[in-house]
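The values are calculated or read from the model by the stated rules, or taken from the named source; none is laboratory data. Since this is a predicted model, take the numbers as computed values, not measurements. Backbone-built Cβ (ideal geometry, glycine too); neighbour counts: all protein chains shown. Remember, those area values only see protein heavy atoms, side chains included, never the ligands or the DNA or RNA. Shrake-Rupley method; radii C 1.70, N 1.55, O 1.52, S 1.80 Å.
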Amino acid sequence: MKRFLILSALTLSLALPTAAVAGGAAGPLGPVSTAQVSNDTDVLFMEVATMSNLTEIQTSRLALQKSSNAEVRAFAQMMITMHTQAQAELNALAAQKGVRLADKPGADQRLLYNRLTTLSGAAFDAAYKNVQVNGHKMTLDLIVTYRSFGTDPQVLAYAAKTQPVVAAHLAEAQELP
């Protein structure tokens, strides 16, 4: 019985990602973000904000390829520029805190992207606008909620700095044709 318990414990420990112990390093299941093994509110905020930034960048690059509407293309370029800058700031903050962030959008965002790749013309522009409006609404709600109970002063400062920018992006996305 004792041998069975030891073997079970060893098998379980081999199945767990090393990041659960080593703060985000690659493990048997591959690299994981710190948020995948943490319930820390500040880490979770940084992870969701990262996924939002990465989604904006990815879908906006697609918009530059697929849209022929000048307004949509200008908005897409602005999203790429501003979200790349916001993510660089967030990456630096996370690195300072020893937090490993995701390097790609979440599964639901990747599904949205996949759907966008199947569209063209006015249908693409309408779907891209919808993704931008909904994404910025979600991110704005996330920031407002996080600012009410987050604890890390530097992450809270990032959220405070980002909130008016996200609100402006939402308003601009709502005005897209």
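Observations on the structure shown:
- Top-ranked residue of segment 142-177 - restricted to ones that are under 24 Å from L62 (Cβ atoms) and loosely packed, with under 13 Cβ neighbours inside 10 Å, ranked as nearest to the chain's Cα centre (by Cα): A168
- Qualifying residue in segment 81-95 (condition: among the polar types (S, T, N, Q), open to solvent by 70 Å² or more (accessible area, probe 1.4 Å) and not in a helix (DSSP H, G or I)): no
- Candidates V131, V99 - the one that is closer than 15 Å to M51 by Cβ and not in a helix (DSSP H, G or I): V99
- Residue within segment 111-124 that is under 13 Å from the mean Cα position of the chain (by Cα), in a helix (DSSP H, G or I) and surrounded by 14 or more Cβ atoms within 10 Å (Cβ to Cβ) present: no
- Residue count for segment 68-103, restricted to those that are over 17 Å from E172 (Cα atoms), in contact (Cβ under 8 Å) with a residue 60 or more places away in the chain and more than 16 Å from the chain's Cα centre (by Cα): 1
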